[in-house]
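Worksheet: one structure, shown below.
The values are calculated or read from the model by the stated rules, or taken from the named source; none is laboratory data. Note that the structure is a prediction, hence the values are computed from the model and not measured. Neighbour counts are summed over all protein chains in view; Cβ atoms, including those assigned to glycine, are modelled from backbone coordinates with ideal geometry.
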Amino acid sequence: MIPLHEIKYVLLDMDGTLLDKYFDDYFWEHLLPEKYAEKNNITFGKAKEVLLKKYKAHEGTLNWTDIDFWSREVDIDIPALKEQIKHLVEVHPHVEDFLQMLRRHRKQIFLVTNAHYKVLDIKLKKTEIGKYFDAAITSFEIGYPKEMVEFWEKAQKRLGFEKEKTLFIDDTKAVLRTARKFGIRYILYKSYSSSRTEKGKSKEFMVVEDFGSLIEEAR
Ligand SMILES: [Mg+2]
């Protein structure tokens with residue numbers, strides 16, 4: 001399916017692709033509304049309604065990825081709250097085997113994430129995957145989210161990958177569309193992003209559900 005020998009660079013998203021998105025869903029849809037309700041003396045339902053409206057307004061923008069922005073917006077220390085539940089950060093099945101396989105084949109591996117560097121730090125400390133990457137790049141340091149083509153132009157300059165020899169895997173279709181428009185040749189949609197929600201489907205992208213299948217192909 002994916003001709004590994006033609007690939008020199010592998011770009012990987014973090015949340016939902018390598019890590020179980022349940023952590024993020026639980027945080028934004030449950031824990032934060034709970035704290036917000038307590039703080040403002042409103043019901044959980046009302047808090048969720050207010051927050052969902054705020055999330056919607058900043059989706060796909062740099063604000064969305066900036067947890068310091070959210071700390072100010074809701075007047076709650078978001079990094080500290082994330083730190084409290086870091087035990088919920090989980091790596092998806094076969095991710096480490098996949099990363100080891102890429103290393104063995106001498107691919108250059110880059111982590112490409114919309115996550116804020118403070119969150120990246122919490123997650124890489126909690127998991128063992130950080131050591132596999134040649135570099136990690138956040139949309140926050142680039143100044144654009146991955147949904148915008150400017151992100152890719154700047155990321156390419158920074159990381160030096162060749163589009164024709166690059167594989168990119170992400171669980172967000174809007175991001176994959178931008179990457180394809182930018183010209184990245186091999187694109188895979190990670191359909192199993194959270195252990196608690198249904199798998200995604202796609203007709204426009206090749207789908208990978210579990211990294212185990214990519215390891216099988218490489219044999
Ligand atoms: Mg993701």
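Residue check: is PHE69 more than 23 Å from LEU188 (Cβ to Cβ), in a helix (DSSP H, G or I), more than 16 Å from the ligand (Cβ to nearest atom) and under 19 Å from the mean Cα position of the chain (by Cα)? Criteria met by PHE69.
Residues in segment 91-108 that are surrounded by fewer than 18 Cβ atoms within 10 Å (Cβ to Cβ) and touching an Asp or Glu at 6+ places or on another chain (Cβ under 9 Å): VAL91, PRO93, HIS94, GLU96. Please verify whether GLU150 is assigned by TED's automatic domain parsing to the domain that holds PHE211 and touching a residue at least 40 places away in the same chain (Cβ under 8 Å), treating the condition exactly as stated. When the stated conditions are applied, GLU150 does not pass them. In segment 85-115, what count of residues is obtained for those that are within 16 Å of the ligand (Cβ to nearest atom) and of a type in the set (S, T, N, Q)? Counting residues in segment 85-115 that are within 16 Å of the ligand (Cβ to nearest atom) and of a type in the set (S, T, N, Q) gives 2. Identify, please: which residue in segment 12-21 is more than 8 Å from the ligand (Cβ to nearest atom) and in contact with a helix residue (DSSP H, G or I) (Cβ under 7 Å, 6 or more places away or on another chain) and is, among those, nearest to ASP170 (Cα to Cα)? Once the filter is applied, the top-ranked residue is LEU18.
Between ILE142, ILE215, the distinction of being closer than 24 Å to PRO79 by Cα and out of contact with any Gly (no Cβ under 9 Å at 6 or more places or on another chain) belongs to ILE142 only. State all residues of segment 51-64 that are modelled with pLDDT of 95 or more, closer than 16 Å to PHE27 by Cβ and among the hydrophobic types (A, V, I, L, M, F, W, C); if no residue qualifies, say none. Result: LEU51, LEU52.
Filtered by the rule that a residue be surrounded by fewer than 21 Cβ atoms within 10 Å (Cβ to Cβ), without any contact (Cβ under 8 Å) to a residue 60 or more places away in the chain and within 16 Å of the ligand (Cβ to nearest atom), segment 160-177 gives LYS173, ARG177.
Suppose the filter is under 27 Å from GLU198 (Cβ atoms), part of a helix (DSSP H, G or I) and free of Cβ contacts under 8 Å to residues at least 60 places away in the same chain; does PRO33 pass it?
Here the answer is yes, as PRO33 does meet what is asked.
Within segment 134-167, being of a type outside the set (D, E, K, R), in contact with a Lys or Arg (Cβ under 9 Å, 6 or more places away or on another chain) and under 20 Å from LEU99 (Cα atoms) holds for ALA135, ILE137, PHE161, THR166, LEU167. Would you be able to say whether some residue in segment 38-58 is within 29 Å of PHE211 (Cβ to Cβ), outside any helix (DSSP H, G or I) and either more than 16 Å from the ligand (Cβ to nearest atom) or not β-branched (Val, Ile, Thr) (or both)? No - not one qualifying residue is present in segment 38-58.
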